[in-house]
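Worksheet: one structure, shown below.
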Amino acid sequence: MRLSRYFLPVLKENPADAQIVSHRLMLRAGMIKQQAAGIYSWLPLGYKVLRNIERIVHEEQIRAGHIPMLMPTLQSADLWRESGRYDAYGPEMLRIRDRHERDLLYGPTNEEMITDIFRSHVGSYKELPLTLYHIQWKFRDEVRPRFGVMRGREFLMKDGYNFDVDKESAIHAYNRHMVSYLRTYERMGLQAIPMRADSGPIGGDDTHEFLVLASTGESEVFYDSAITDLKFGERAVNFDDRAECEAIVKEWTAPYARTDETHDEALFNAIPEERRKTSRGIEVGQIFYFGTKYSEPMGAVVVNDQGERVPVHMGSHGIGVSRLAGALIEANHDDNGIIWPEGVTPFHCGIVNLRQGDGAADAACEGLYKALAEKGLEPLYDDREERAGAKFATMDLIGLPWRITVGPRGLKNGVVELTSRRTGESEEMSPEAAVARVAEIYAGV
Ligand code: P5A
């Protein structure tokens, strides 16, 4: 993409109403625009990041054996009357009436709808286990929408639902989700710690939230610092292997880590003092096992191997896809702007032409642009007639992890400069070597 033809409405000034850094930077970098309280347009740069987060979530869900689909945003109130949640959900639910006076709602979550789909089509244990998921917009009429996309009213969520014949198999689904979430967040360059939490309006006793430690997080968390040393890494997991998934879950849930809702002072005080940590955290996901809470009242039953009709055991599993864009910035920024991890960056590499209109510089930039594209990479070429300082400031603000700077002086010696946004370190090399280096970096992502 050539910046002269892109739509990147960056702001020079700090927006007054943005209280936290990710909100400020998303507005300044032209990623989002607020349309109403807690409701945002995703401008081209923000939309690219959102799609990258979604892509990683999809890939990791499919790797774990979960099946993508898509349910609507609007739901019939009658389904929610069946589960008893239509009244229980309260004012957070946006209720709508259509021209025929039918009650609808903008879905805050989809347990009822997926249970309805299941009961319409599945009747035997032989069709289980089954996990379906989608990535769809949700609406929760939060009392205090704030911090930009972090606590929106309309927000994008990945929500998945498992159906299993018994509790044991459903607990495996729970464990499988925990393992797959650990992989997912790590691929995005984030450390998200599973913490024992409260289940709120979704229900059930078994639930973990995934929290990214950040001073601006809305949750208060208590943990053993040993958990921050754990890395998922490159292990190949067989997601059907119950013992393997259970062992990974044990590894991650052995150190104490809880949100304030479930915090236990006595257990916490048993940790050696130097490892006892309290912090704030951003909740980027939550998994639940709630057994037959929805299948029983809604009649989602299967015939088991004994020929008995039994309600299915279920759980649901959510990732805050749009919130992650904010959380990623909270965890990756400096005074000059965003620093995208390679896995989610909107463009792989920036090209800055220090002397637009100079024959040699223009030709070298065009050459780099083409060569990067041929390697399957997407560069953002700043081809505007702007001062070098302004071009650097824009690149730093929007946070592309790598920048190639091209100027007439360097070109005389046959070199361009490759700069890491994270470390600020620069290295001179031939344009060919710069392309090869950037391609090599992304080959492992
Ligand atoms: C699990 C999937 C559920 O709704 N039902 C389907 C379950 N869980 S949850 O914890 O309530 O939400 C899942 C994740 O969605 C994100 N989230 C939000 N993101 C932005 N703005 C909001 N107002 C908001 N509310 C929830 C969180 O990341 C949460 O973990």
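The values are calculated or read from the model by the stated rules, or taken from the named source; none is laboratory data. On a predicted model such as this, the values are computed, not experimentally measured, just so you know. Positions of Cβ are backbone-derived with ideal geometry, glycine not excepted, and every protein chain shown enters the neighbour counts. Protein only, heavy atoms only, side chains kept; ligands, DNA and RNA dropped before computing areas. Shrake-Rupley method; radii C 1.70, N 1.55, O 1.52, S 1.80 Å.
Here are some notes:
- Candidate set: the range 306-348, residues that are part of a loop (DSSP other than H, G, I, E, B) and either within 12 Å of the ligand (Cβ to nearest atom) or without any contact (Cβ under 8 Å) to a residue 40 or more places away in the chain (or both); chosen: the one least open to solvent (accessible area, probe 1.4 Å): GLY307
- Only a single criterion out of (1) modelled with pLDDT under 95; (2) out of contact with any strand residue (DSSP E or B) (no Cβ under 9 Å at 6 or more places or on another chain) is not satisfied by HIS121, namely (1).
- Selection count, the range 337-364, where residues are over 21 Å from the mean Cα position of the chain (by Cα) and closer than 12 Å to ARG403 by Cβ: 6
- Test result for PHE155, in contact with a helix residue (DSSP H, G or I) (Cβ under 9 Å, 6 or more places away or on another chain), aromatic (Phe, Trp, Tyr) and within 11 Å of the ligand (Cβ to nearest atom): yes
- Leading residue by the ranking (farthest from ARG196 (Cα to Cα)) among those in the range 151-185 that are of a type in the set (Phe, Trp, Tyr) and either assigned to a helix (DSSP H, G or I) or over 15 Å from the mean Cα position of the chain (by Cα) (or both): PHE163
Let's see how each residue does on (1) without any contact (Cβ under 8 Å) to a residue 60 or more places away in the chain; (2) in contact with a Ser or Thr (Cβ under 9 Å, 6 or more places away or on another chain); (3) hydrophobic (A, V, I, L, M, F, W, C):
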residue	(1), (2), (3)
THR259	no, yes, no
GLU265	yes, no, no
ILE271	yes, yes, yes
GLU274	yes, yes, no
THR278	yes, no, no
GLY281	no, yes, no
TYR289	no, yes, no
SER295	no, yes, no
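- Test: residue in the range 230-241 that is within 28 Å of GLY326 (Cβ to Cβ), part of a strand (DSSP E or B) and either touching a residue at least 12 places away in the same chain (Cβ under 8 Å) or within 16 Å of the ligand (Cβ to nearest atom) (or both): no
- Looking only at residues of the range 1-58 that are crowded, with 18+ Cβ neighbours inside 10 Å and hydroxyl-bearing (Ser, Thr, Tyr), we find that the one that is farthest from the ligand (Cβ to nearest atom) is SER22.
- Count of residues meeting criterion [within 15 Å of the ligand (Cβ to nearest atom) and either at pLDDT below 95 or closer than 20 Å to GLY299 by Cα (or both)] in the range 72-110: 10
- Unmet requirement for GLY189, which otherwise passes all of (1) within 14 Å of the ligand (Cβ to nearest atom); (2) open to solvent by 10 Å² or more (accessible area, probe 1.4 Å); (3) not in a helix (DSSP H, G or I): (1)
- The number of residues in the range 223-245 that are buried (at least 17 other Cβ atoms within 10 Å of the Cβ) and under 23 Å from MET188 (Cα atoms) comes to 6.
- Scan of the range 125-150 for residues that are among the basic types (Lys, Arg), surrounded by 20 or more Cβ atoms within 10 Å (Cβ to Cβ) and either part of a strand (DSSP E or B) or more than 9 Å from the ligand (Cβ to nearest atom) (or both), ordered by number: LYS138
- Subset of the range 85-102 (residues that are outside any helix (DSSP H, G or I) and open to solvent by 40 Å² or more (accessible area, probe 1.4 Å)): LEU94, ARG95, ILE96, ARG97, ASP98, ARG99, HIS100, GLU101, ARG102
- When the strands (runs of 3 or more DSSP E) confined to the range 246-303 are screened for residues that are open to solvent by less than 20 Å² (accessible area, probe 1.4 Å) and out of contact with any Lys or Arg (no Cβ under 8 Å at 6 or more places or on another chain), those reaching at least 2 such residues are found at 276-291.
- There is no residue in the range 199-207 that is more than 11 Å from the ligand (Cβ to nearest atom), open to solvent by 20 Å² or more (accessible area, probe 1.4 Å), in a loop (DSSP other than H, G, I, E, B) and among the small types (Gly, Ala, Ser).
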